[in-house]
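Written below as structure tokens is the structure these notes are about.
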Amino acid sequence: MAAADPGSPLDTDWRHGAFAQIFVRSYKDSNGDGVGDLRGLTQQLDYLRDLGVRGLWLLPINRSQDGDHGYAVTDYRNVETAYGSVADLDELLKQAHARGMGVVLDYVINHSAAQHPLFQTSRSDTTNSFRPWYVWQASAPAGWNVFGGNPWRSATTGSYYAPFWDQMPDWNLRNADVLAFHQNNLRFWLNRGVDGFRFDAVGVLIENGSGAWENQPESVNLMRDIASLVDSYSKRFTVCEAPSASLSYAQACGRAFAFGTQSDLIAAAGSSNSAALSRLAQAPAAGLSPFLSNHDEFAGQRPFDQLGGDPGALKVAASLSLLRPGTPFIYYGEEVGMSGGAGLSGDPRLRSPMSWAGNTSNGGFTTGTPYRALAANVSTNNVAAQAADPNSLLNHYKAVLALRNAQPALAKGTLENGQVLGSTLAYWRVLGNERVLVVVNTGRSASASLTVSGAPASANLQALMGSSTPLTANASGQVTLSVPAQSTVIYKVQP
Ligand code: NOJ
């Protein structure tokens, strides 16, 4: 498949805006079958624009075998039947673009579903032309342990490598034909106007042996090439998922999720943990994307559950994440403090239907019966209730994102002069001549009175959030201000 870039209607800076991570199956059902779909998501685009996000990452929407999160792909060029059609995706793209938002698809490059037709052929005998498309050995080699288990799985014709699940066989990415297959799939979507990809499980693409299966140089190099394919199209976006090597992949892919930082953000917000605050005061490496939680349990429970439902701590966590450098990701429902699903455990607990309204039988998600239990706190923490409350978490997200969108230094400036003053974190976001001061008091009870350094001598500062009083720096560039408990204050140096 040849590249045929339809161009991008988005402004160049959309990639510096915050993203919403959307699980289509759980976002909004348009046809009453109890399962979310692309048309449902399209209906909610005004909400997402008003929230202030500039991009959407959709968990896999390809046809899949798992019938849930979609990472066992059976057809890379088609849309999960329950989600709709390729035409529905085209319409979603058009409508998202009209609202200034990009749409990024999850691309599962490491493995397919066992039911993928190519694996079905590959496993049928040892001589078929697709045999070398997957990773086969005559019998399982000894001594392997990946994610706590043996990744080699037995089939009648040999053993295949499948570390995640026996139904998720790894592609043989050393095979040039397999690489070309993926490149063509990516062009298929890019040529339709898709704005980029989140690449799944890139730490485990290529193995060099039982002691060398993770973050191998070949995997990093492969992703560098893939990212440049995506970048050959106009204004596209790449982010990689590599929990144990975020930095290497941030360099190779352009962006990678900041795994580890989510624990610091929660610990700082929940208990003013000083080690976490100190780490957050350091400038992060380029390309690291902060987030508070995602769809995988290993990254942590939903913030509401980790923070005991404390609305002040949830606002602090939001500020700490959204005001950092890098493209931040908001897991759907985080903005209203959705909890885990009632009575659920494991990953499904994190993947409940979106809480649009307080109706405890459908949460405003469907007119039918939701396919999965709703969030345990749907009656209190939902969009309808929070939209009406000026002090809600939702309105805090909106205010912070509106500021991030209006102030280039907050969207793409560096983090400088980070300071921990008791339970308060202060830092400057700097872009050219613009300097914006961010101060977040994570403490639960006391208002903090502080002196922060780093302003130009005698500068005047205008309040952008959390205060209406202008400040003037002294001759040493210090400003003194008071920040109420669990609140965020933002100032900008006046030219
Ligand atoms: C990482 C994804 O986030 C997770 O949900 C999935 O199960 C594995 N990769 C395998 O695709």
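The values are calculated or read from the model by the stated rules, or taken from the named source; none is laboratory data. This one's a predicted model, so the numbers in the text were calculated from it and none came from an experiment. Glycine gets a Cβ as well: all are built from the backbone with ideal geometry, and neighbour counts include every protein chain shown. Areas reflect the complete protein model, heavy atoms only, side chains present, ligands, DNA and RNA absent. Shrake-Rupley method; radii C 1.70, N 1.55, O 1.52, S 1.80 Å.
Return the residues of the stretch 257-306 that are among the basic types (Lys, Arg) and over 22 Å from residue 200 (Cβ atoms); say none if nothing qualifies.
Let us first name the residues in the stretch 257-306 that are among the basic types (Lys, Arg), namely 279, 302.
Selection gives 279 alone.
Any idea which residue in the stretch 134-168 is farthest from residue 209 (Cα to Cα), counting only those that are part of a loop (DSSP other than H, G, I, E, B), open to solvent by 40 Å² or more (accessible area, probe 1.4 Å) and within 16 Å of the ligand (Cβ to nearest atom)? It comes out as 167.
Which residues, counting only those in the stretch 93-133, are within 16 Å of the ligand (Cβ to nearest atom) and either assigned to a loop (DSSP other than H, G, I, E, B) or acidic (Asp, Glu) (or both)?
Here is the first cut: in the stretch 93-133, the ones within 16 Å of the ligand (Cβ to nearest atom) are 104-116, 119.
106, 108, 109, 110, 112, 113, 114, 115, 116 - these are the residues of the stretch 93-133 that are within 16 Å of the ligand (Cβ to nearest atom) and either assigned to a loop (DSSP other than H, G, I, E, B) or acidic (Asp, Glu) (or both).
Residues in the stretch 1-28 that are part of a helix (DSSP H, G or I) and charged (D, E, K, R): 13, 15, 25.
The residue of the stretch 169-178 that is farthest from residue 64 (Cα to Cα), among those that are open to solvent by less than 10 Å² (accessible area, probe 1.4 Å) and not hydrophobic (A, V, I, L, M, F, W, C), is 170. Sort out which residues of the stretch 188-206 are in contact with a helix residue (DSSP H, G or I) (Cβ under 9 Å, 6 or more places away or on another chain) and open to solvent by 20 Å² or more (accessible area, probe 1.4 Å), and write them in order of number. Selection gives 192 alone. Does the stretch 29-46 contain any residue that is open to solvent by less than 30 Å² (accessible area, probe 1.4 Å), part of a loop (DSSP other than H, G, I, E, B) and within 16 Å of the ligand (Cβ to nearest atom)? Within the stretch 29-46, none of the residues are open to solvent by less than 30 Å² (accessible area, probe 1.4 Å), part of a loop (DSSP other than H, G, I, E, B) and within 16 Å of the ligand (Cβ to nearest atom). Checking the stated criteria, residue 450 turns out not to satisfy the condition of being crowded, with 21+ Cβ neighbours inside 10 Å, at negative phi and of a type in the set (A, V, I, L, M, F, W, C). Note on the stretch 296-308: residues that are under 11 Å from residue 338 (Cβ atoms) and more than 16 Å from the ligand (Cβ to nearest atom) amount to 3.
Quick check: is even one residue across the stretch 188-204 assigned to a strand (DSSP E or B), among the small types (Gly, Ala, Ser), touching a Phe, Trp or Tyr at 6+ places or on another chain (Cβ under 9 Å) and within 16 Å of the ligand (Cβ to nearest atom)? No, that holds for no residue. Summed over the stretch 309-330, the residues that are surrounded by fewer than 24 Cβ atoms within 10 Å (Cβ to Cβ) and within 16 Å of the ligand (Cβ to nearest atom) give a count of 0.
Quick one: which residue in 279, 255 is free of Cβ contacts under 8 Å to residues at least 24 places away in the same chain and either out of contact with any strand residue (DSSP E or B) (no Cβ under 8 Å at 6 or more places or on another chain) or farther than 20 Å from residue 395 by Cα (or both)?
On the way: 255 fails: free of Cβ contacts under 8 Å to residues at least 24 places away in the same chain.
From the options 279, 255, the qualifying one is 279.
In this structure, is residue 423 small (Gly, Ala, Ser) and touching a helix residue (DSSP H, G or I) at 6+ places or on another chain (Cβ under 7 Å)? Judged against the criteria, residue 423 is not a match. For the stretch 393-403, the condition holds for no residue, the condition being that it is touching a residue at least 40 places away in the same chain (Cβ under 8 Å) and of a type in the set (S, T, N, Q). Residues of the stretch 48-73 that are away from the ligand (no atom under 16 Å from the Cβ), buried (at least 23 other Cβ atoms within 10 Å of the Cβ) and touching a residue at least 60 places away in the same chain (Cβ under 8 Å): 53, 54, 55. Of everything in the stretch 475-495 that is open to solvent by less than 20 Å² (accessible area, probe 1.4 Å) and in contact with a helix residue (DSSP H, G or I) (Cβ under 9 Å, 6 or more places away or on another chain), the residue that is farthest from residue 391 (Cα to Cα) is 490. Report, by residue number, each residue of the stretch 74-92 that is closer than 20 Å to residue 195 by Cα and either open to solvent by less than 10 Å² (accessible area, probe 1.4 Å) or within 14 Å of the ligand (Cβ to nearest atom) (or both). Matches in the stretch 74-92: 76, 79, 83, 89, 92.
Scanning the stretch 112-126 for residues being surrounded by fewer than 14 Cβ atoms within 10 Å (Cβ to Cβ) and touching a residue at least 12 places away in the same chain (Cβ under 8 Å) gives a total of 3.
Per this entry, residue 249 is counted among residues that are in a helix (DSSP H, G or I), aromatic (Phe, Trp, Tyr) and open to solvent by less than 30 Å² (accessible area, probe 1.4 Å). Counting only residues that are open to solvent by 10 Å² or more (accessible area, probe 1.4 Å) and hydroxyl-bearing (Ser, Thr, Tyr), which one in the stretch 331-365 is nearest to the ligand (Cβ to nearest atom)? The selected residue is 345.
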